[in-house]
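**Q** Pasting a structure below so you can have a look.
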Amino acid sequence: MNKLIATLIAGLLATAAHAQTTTAADSTVVKAEAKAEKDIAKAESKEIKAAAKADEKVSKAAANANEKKAKAHSELVKDHANAAEKVAKADPEDRAKAVAKAEEKIADANHKAEKKMIKADEKLLKTQVDAAADKAQAAAKTEQVRAEAAADVHKAAAKQ
């Protein structure tokens, strides 16, 4: 009977010791998982902020481009009106010469307006490309944090 009781007590102590080490090891994994989730959430937050900032830059650049294009168009309309006015005021004998000058001024005004519009579009496109690059870098950083967090959890699990 004493041997039976001794065996039961030894088994109980062995089970309790095993349970304590498992709990300690499990708690290490749980802590690693909690830290990983915290790090991932932080990285995702940074990614969202970077994307919002990039989108804001693009919106401002688009508004600026539209403003510059509208201004260029307005100047173009004004130049066309001035040329037409000069043609209308010209004497009948000088009308052909005035029309030729007006056409030249209109061509120059069209070219000038096109250059301004192209530059505005170019600046907008550069901003859009930069914003896309910023978003991609933020996403890559988030993926790096996810991978490192997963590795940390696996290291903690392997230590058991």
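The values are calculated or read from the model by the stated rules, or taken from the named source; none is laboratory data. Just so it is clear, the structure is predicted and the values come from calculations on it, not from any experiment. With ideal geometry, Cβ positions are generated from the backbone for all residues, glycine too; neighbour counts draw on all protein chains shown.
**Q** Among the residues of region 101-160, count how many are more than 24 Å from ALA52 (Cβ to Cβ), among the β-branched types (Val, Ile, Thr) and surrounded by 15 or more Cβ atoms within 10 Å (Cβ to Cβ).
**A** Matching residues across region 101-160 total 2.
**Q** Identify all residues within region 86-142 that are more than 30 Å from GLU56 (Cβ to Cβ) and in contact with a Leu (Cβ under 6 Å, 6 or more places away or on another chain); write none if there are none.
**A** The one that is more than 30 Å from GLU56 (Cβ to Cβ) and in contact with a Leu (Cβ under 6 Å, 6 or more places away or on another chain): ALA109.
**Q** Residue under question is ALA81, and the condition is that it be surrounded by 13 or more Cβ atoms within 10 Å (Cβ to Cβ) and either of a type in the set (A, V, I, L, M) or in a helix (DSSP H, G or I) (or both); does it hold?
**A** No.
Let's see how each residue does on (1) modelled with pLDDT of 95 or more; (2) within 19 Å of ASP39 (Cα to Cα); (3) more than 29 Å from the chain's Cα centre (by Cα); (4) hydrophobic (A, V, I, L, M, F, W, C):
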{"residue": "MET117", "(1), (2), (3), (4)": "yes, no, no, yes"}
{"residue": "LYS126", "(1), (2), (3), (4)": "yes, no, no, no"}
{"residue": "ASP134", "(1), (2), (3), (4)": "yes, no, no, no"}
{"residue": "ALA147", "(1), (2), (3), (4)": "no, yes, no, yes"}
{"residue": "ALA150", "(1), (2), (3), (4)": "no, yes, no, yes"}
{"residue": "HIS154", "(1), (2), (3), (4)": "no, yes, yes, no"}
{"residue": "ALA158", "(1), (2), (3), (4)": "no, no, yes, yes"}
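**Q** Pairs only if they're at least six apart or on different chains, beta carbon under 6 angstrom, first in region 134-160 and among the basic types (Lys, Arg), second assigned to a helix (DSSP H, G or I); list them, first residue then second.
**A** From residues that are among the basic types (Lys, Arg), the pairs are LYS135/ALA51; LYS135/ALA54; ARG146/ILE40.
**Q** So, in region 37-57, how many residues would count as being of a type outside the set (D, E, K, R) and surrounded by 15 or more Cβ atoms within 10 Å (Cβ to Cβ)?
**A** 5
**Q** Just one of the numbered conditions (1) under 21 Å from ARG146 (Cα atoms); (2) free of Cβ contacts under 8 Å to residues at least 24 places away in the same chain; (3) surrounded by 13 or more Cβ atoms within 10 Å (Cβ to Cβ) is not true of ALA34; which one?
**A** That leaves (3) as the condition not met.
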